[in-house]
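Below is one structure; the comments refer to it alone.
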Amino acid sequence: MAHIIQTTEEFDALLKGEKPVLVDFYADWCGPCKVFSPIFEKVSQELEDVKFVRVNVDEEPELANKYMAYSIPYIVVIENGEVVNSHTGLVDEEALKQLIKN
């Protein structure tokens, strides 16, 4: 299950560790984000070797700016503290898994 970030400190703590982190930048008012949310949740339950995190851009604008989440949904893969892949817009389940692998 995806973890919803409440603070920047909480986000920074989740980046520590061996597992890659998949971040979904979203907003409650965003239609495409609502469509993507169940896909993100489903994949988060299937893949145990990845941390799944959701960041509300309205509640955490500093994180959104830091990771350049200017259009949402915006998906970022972070490994060892570095962004290694990203995608703006909707993706299906298979495309989301490919983002993690690449």
Exception for E62 within (1) closer than 20 Å to Q98 by Cβ; (2) open to solvent by 90 Å² or more (accessible area, probe 1.4 Å); (3) in contact (Cβ under 8 Å) with a residue 24 or more places away in the chain falls at (1)
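Of the residues that sit in the stretch 54-63 and are outside any strand (DSSP E or B) and touching a strand residue (DSSP E or B) at 6+ places or on another chain (Cβ under 6 Å), which one is nearest to P20 (Cα to Cα)? Spell out how you get there, then give the answer.
Filtering the stretch 54-63 for residues outside any strand (DSSP E or B) gives 57-63.
Okay, now just the ones that are also touching a strand residue (DSSP E or B) at 6+ places or on another chain (Cβ under 6 Å), so 57, 63.
Details: V57: 21, L63: 18 Å.
Ranking the qualifying residues of the stretch 54-63, first place goes to L63.
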Screening V84, V35, V91 for residues that are at negative phi and open to solvent by less than 40 Å² (accessible area, probe 1.4 Å) leaves only V91
Residues of the stretch 81-102 being in contact with a Pro (Cβ under 9 Å, 6 or more places away or on another chain) and part of a loop (DSSP other than H, G, I, E, B), in sequence order, are G89, L90, V91
Of the residues in the stretch 1-23 that are among the β-branched types (V, I, T) and part of a loop (DSSP other than H, G, I, E, B), the one that is surrounded by the most Cβ atoms within 10 Å (Cβ to Cβ) is I5
**OP:** Might you let me know whether the stretch 30-53 holds any residue that is assigned to a loop (DSSP other than H, G, I, E, B), under 17 Å from V83 (Cβ atoms) and touching a Pro at 6+ places or on another chain (Cβ under 7 Å)?
**Re:** yes
(message) Criterion first (part of a loop (DSSP other than H, G, I, E, B), crowded, with 18+ Cβ neighbours inside 10 Å and of a type in the set (A, V, I, L, M, F, W, C)) does I78 satisfy it?
(response) no
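The values are calculated or read from the model by the stated rules, or taken from the named source; none is laboratory data. Since we're looking at a predicted model, the values are computed, not measured. Every residue, glycine as well, gets a Cβ built from its backbone with ideal geometry; the counts of neighbours run over all protein chains shown. Surface areas here come from the heavy atoms of the whole protein model, side chains and all, with no ligands, DNA or RNA. Shrake-Rupley method; radii C 1.70, N 1.55, O 1.52, S 1.80 Å.
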